[in-house]
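Only one structure is covered here, and it is reproduced in the block below.
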Amino acid sequence: MKVLVLGLGSIGKRHLANLRAILPQVRVVGADPVALFDLADGDAMFSDWSEAVNSNPDARAAIIASPISAHLEQATELSAAGIPFYCEKPIGLLGELPQWTQFGDSLHCAVGYQYRFHPVYRAIASTIRRRHEARFVANDDLIDHYGPDCLSYIAAHPIDTALWLLSSAVSVDMITDGLSVRGRIKHAFGTSEHLYRIDIGPRRSIVSIGDETMSLDPCNDMYLDALSAWLAWVGGAERDERTATLADGCNALEVMGRVKHV
């Protein structure tokens, strides 16, 4: 099986390692204008992602792990080539939402909202749905790496998780100043509260239900399980309900677009 990996920064390298663990015989075609390095025998490396796509029409799947600004163009070209893709979060820029809605689910494309696969949610997802509430808090010192964009780089994951657990957003009462995101979402089946910062370490991510708080410690298992579930879906299996579709990605982006900037 041949898989394209577009973008080989930290998340692209993680996906590459997990891809090899899931499919030891996989043939990888990497593409990155900066992170050029030797891959395994039988693999290929390109500095231009479009050339990588056009030179490998027999690829069975692709992972989009490039900067957010490149996601839509890459997704469009992969879709035209009939290649299913797994796109890192958020799927694109806020102003691109109308273009993203053109993609259907026929290719079995997915969005990398891996926290849906976090071991904690195996235990508490049903409780959150039954209680109709959850509070999400997260922070990390990523300001030097990403700049003051807490919404895209920290808030996106828990916003998607809240939509997955409590359904669509009826109203969004959230604000951001770049360094932080805070507020509340009223869902079709409950309410979620949110508080995030991009300029404070050490890394912390928690979810609370009433007085009970659980730590969402980062673990590779959630990345591995999410990627494995998507590959199985591409291969003909039923979609795992935790796998975020492009429609889910659009829903999260739409909610992000309703957050007020102050």
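The values are calculated or read from the model by the stated rules, or taken from the named source; none is laboratory data. Remember, it's a predicted structure, so these values are computed and weren't measured experimentally. So basically every Cβ, Gly included, is an ideal-geometry build from the backbone, and we count neighbours across all protein chains shown.
Structural remarks
- Scanning the stretch 228-262 for residues that are free of Cβ contacts under 8 Å to residues at least 12 places away in the same chain and among the hydrophobic types (A, V, I, L, M, F, W, C) yields A232, A237.
- When we screen V207, V255 for residues that are in a strand (DSSP E or B), in the same structural domain as D141 (by TED's automatic domain parsing) and either more than 20 Å from A125 (Cβ to Cβ) or aliphatic (A, V, I, L, M) (or both), the only hit is V207.
- The residue list R122, R130 contains one member that is under 17 Å from A226 (Cα atoms) and either without any contact (Cβ under 8 Å) to a residue 40 or more places away in the chain or among the β-branched types (V, I, T) (or both), which is R122.
- Subset of the stretch 56-78 (residues that are out of contact with any Gly (no Cβ under 9 Å at 6 or more places or on another chain) and in a helix (DSSP H, G or I)): E73, T76, E77, L78
- Here A52 meets the list (1) in contact with an Asp or Glu (Cβ under 9 Å, 6 or more places away or on another chain); (2) buried (at least 17 other Cβ atoms within 10 Å of the Cβ); (3) small (G, A, S) almost entirely, failing just condition (1).
- Odd one out for I68 among (1) crowded, with 23+ Cβ neighbours inside 10 Å; (2) touching a Pro at 6+ places or on another chain (Cβ under 7 Å): (1)
- When the residues of the stretch 147-196 are filtered to those that are in contact with a strand residue (DSSP E or B) (Cβ under 8 Å, 6 or more places away or on another chain) and among the charged types (D, E, K, R), the one that is nearest to G249 (Cα to Cα) is D160.
- Pick from the stretch 234-249, criterion in contact with a strand residue (DSSP E or B) (Cβ under 9 Å, 6 or more places away or on another chain) and hydrophobic (A, V, I, L, M, F, W, C), ranking: farthest from A59 (Cα to Cα): A244
- Pick from the stretch 23-55, criterion in contact (Cβ under 8 Å) with a residue 24 or more places away in the chain and part of a strand (DSSP E or B), ranking: farthest from S228 (Cα to Cα): A31
- Close pairs (6 angstrom Cβ cut-off, 6 or more residues apart or separate chains): not assigned by TED's automatic domain parsing to the domain that holds R129 in the stretch 182-197, of a type in the set (D, E, K, R) anywhere: none
- Scope the stretch 84-108; condition without any contact (Cβ under 8 Å) to a residue 24 or more places away in the chain and either among the β-branched types (V, I, T) or closer than 17 Å to E73 by Cβ (or both); matching residues: G95, P98, Q102
- Flag for S79 being of a type in the set (S, T, N, Q) and surrounded by 22 or more Cβ atoms within 10 Å (Cβ to Cβ): no
- In the stretch 142-155, the residues that are in contact (Cβ under 8 Å) with a residue 40 or more places away in the chain and either farther than 20 Å from E88 by Cα or out of contact with any Asp or Glu (no Cβ under 9 Å at 6 or more places or on another chain) (or both): Y146, D149, L151, S152, A155
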